[in-house]
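Below is one structure, written out as structure tokens; comments come after it.
The values are calculated or read from the model by the stated rules, or taken from the named source; none is laboratory data. Just so it is clear, the model here is predicted, and its values are computed rather than measured. Every residue, glycine among them, receives a Cβ derived from its backbone with ideal geometry; neighbour counts consider all protein chains shown.
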Amino acid sequence: MVNTVLVVDDEQTLAGNIQAYLEAQGLSVYVAHDGASAIGEAERTQPDVIVLDFRLPDMEGFQVLEAVRKSRNCHFVLITAHPTAEVRERANQLGVSHILFKPFPLAELARAVNDLMGIKREDGSEGNTDTGFVERRQSRNESFPLQLFDGSWVLADRRRGVDKAEPDEDQLLTGE
């Protein structure tokens, strides 16, 4: 069984980066950039989890959630740049257990999605799924391409914390 995620965010670069990261985690990921498209895509793809932006061009994310829940029972991760008490309270009323405030580490989003799907993480780190708070831990090395907002691409690298000697002045100036 393929674990399916629908990412709904009007910021195309962010949505593409989330898609690339979650696909690198072995998930099947679809993207929609507005509420109406998200509702149609949810009917078509039947996702297990929907990563949903609060503010969309045509409606609020909560309207998408309510429309999708009429025909499908799935989990939601709310992402927002507007961390107000009202948003958090409404999400709680609608049964959204995971809320991430932008900007957030992609690994934290992957942990939330995996928790909702019941996927055991390889690093063995624990998350508290009752409240939606996930412990942040650096684990293994991960590299994947990310597009920046200016259109350029970088290779994102997440490395395990390693005790290193402090760089000397030459290393700081030259990077070598």
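In table form, for the structure just shown:
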item: Residue in region 79-87 that is outside any helix (DSSP H, G or I), in contact with a helix residue (DSSP H, G or I) (Cβ under 7 Å, 6 or more places away or on another chain) and surrounded by 13 or more Cβ atoms within 10 Å (Cβ to Cβ) present; result: yes
item: Matching entry among K102, K120 (being at pLDDT below 95, touching a Ser or Thr at 6+ places or on another chain (Cβ under 9 Å) and under 19 Å from V5 (Cβ atoms)); result: K102
item: Failed criterion for A85 (all others in (1) without any contact (Cβ under 8 Å) to a residue 40 or more places away in the chain; (2) closer than 22 Å to D115 by Cα hold); result: (2)
item: Some residue of region 26-40 being within 18 Å of the chain's Cα centre (by Cα) and assigned to a helix (DSSP H, G or I); result: yes
item: Sole exception among (1) out of contact with any strand residue (DSSP E or B) (no Cβ under 8 Å at 6 or more places or on another chain); (2) in contact (Cβ under 8 Å) with a residue 12 or more places away in the chain; (3) of a type outside the set (A, V, I, L, M, F, W, C) for N3, by number; result: (1)
item: Subset of region 60-78 that is of a type outside the set (A, V, I, L, M) and closer than 22 Å to P105 by Cα - its residue that is surrounded by the most Cβ atoms within 10 Å (Cβ to Cβ); result: G61
